[in-house]
Amino acid sequence: MRIRHDGTKRLWHPQVGDLELTYRSLDLPMTNRTVYDLTIYTAEPGTASEDRLKLLASLAATQPHGTHPTDRPR
C-alpha cells in the first residue's frame, strides 16, 4: 500500500458546504525517533472552493473567542 503525500480531497463543512482542496503532506523529523506530519490544504484560485474557504475564514474571525459552531444547542 502506498501512502499519498499530495492530491485532492473533497470535504463538506456544515457552514459553507462542499470544498475541493488540494493538499500536500510533509514529514518533519523532530528527533531521531519522532516525525511529525504537516498537511497543508489550499483551494485553487478562482474556484467556488476558494470563495467558500474565504467565507469560512471570515466566519471564524468574527466569532467571539471560546465559541464554536458545535457549542450551539441543537
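The convex hull built on the alpha-carbon positions of the range 18-64 has an orientation-averaged projected area of 4.8 nm². What the phi angles of the range 32-39 give under the Karplus curve with 6.51, -1.76 and 1.60, with θ = phi - 60°, is a coupling list of 4, 10, 10, 10, 9, 10, 9, 10 Hz, glycine and proline written as x.
Bear in mind these aren't lab numbers, they're just calculated from the coordinates by the rules spelled out. Just so it is clear, the structure is predicted and the values come from calculations on it, not from any experiment.
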